[in-house]
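Read through the structure below, which is laid out as structure tokens, and then see the notes.
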Amino acid sequence: MLISKDQFLKFKSQFQIESLFNAILGGIIAFILMTAIYALIRPVNNEQFNQVVQLSKQQSFAETQEMARELLIQEKMSNFEFYRLMHAHHFESSRINQYPAMAIEDE
């Protein structure tokens, strides 16, 4: 079965270069999304785990401390949960105003 020149040109005219570019772009976007999901699912490294331990021991930010303690109880901790903790810590630290201790004579 030989493909004639007319059949080849008819087949070629069905595909446009825009559809090829759209397929390539869709593949790139899918690759980026899969890579991002993999990065969020994988477990935390030792440095990040040590940061969670430090946050669970600090007493300045109660909600962050509680969240860190809950993460330490879990068997596995993903990067997504670690980043949620870091976001909560940043949010709580930016919301709370810390004032210096008052001297006794100032009362």
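Computed from the coordinates by the stated procedures, all read-outs in this text should not be read as laboratory data. Given the structure is predicted, the values throughout are model-derived calculations rather than measurements. Here the Cβ is made from the backbone with ideal geometry for all residues, glycine too, and neighbour counts use every protein chain on show.
For this structure, a couple of remarks:
- The alpha carbon convex hull volume per residue for the stretch 45-95 rounds to 62 Å³.
- 3J(HN,Hα) from dihedral phi, the stretch 80-94, Karplus parametrisation 6.51/-1.76/1.60, rounded to Hz, x for glycine, proline: 4, 5, 4, 5, 4, 5, 5, 5, 5, 5, 5, 4, 5, 5, 7
- Estimated FRET transfer efficiency (L40, H90; beta-carbon r; R0 25 Å; 0.05): 0.90
- Cα-based helix-to-principal-axis angle, 5-14 vs the chain, degrees rounded to 10: 30 degrees
- Packing order of peptides 82-95, 22-35, highest average first: 82-95, 22-35 (average count of other Cβ atoms within 10 Å over each peptide's residues).
- Those trypsin sites (Lys or Arg not before Pro) in the stretch 1-83 that DSSP places in a loop and that have at most 16 other beta carbons within 10 Å: K76
- Cα→Cβ-extended label distance, 7 Å offset, between D6 and A23, nm: 2.6 nm
- Viscosity 1.306 mPa s, temperature 10 °C, Stokes-Einstein D of the chain from Kirkwood C-alpha radius, µm²/s: 84 µm²/s
- Relative contact order, whole percent, for the chain stands at 22, derived from Cα pairs under 8 Å and 6 or more residues apart.
- Each residue of the stretch 57-71 was assigned a 3J(HN,Hα) from its phi angle through the Karplus expression (A = 6.51, B = -1.76, C = 1.60, θ = phi - 60°), giving 8, 6, 10, 6, 10, 5, 5, 5, 4, 5, 5, 5, 5, 5, 5 Hz with x at Gly and Pro.
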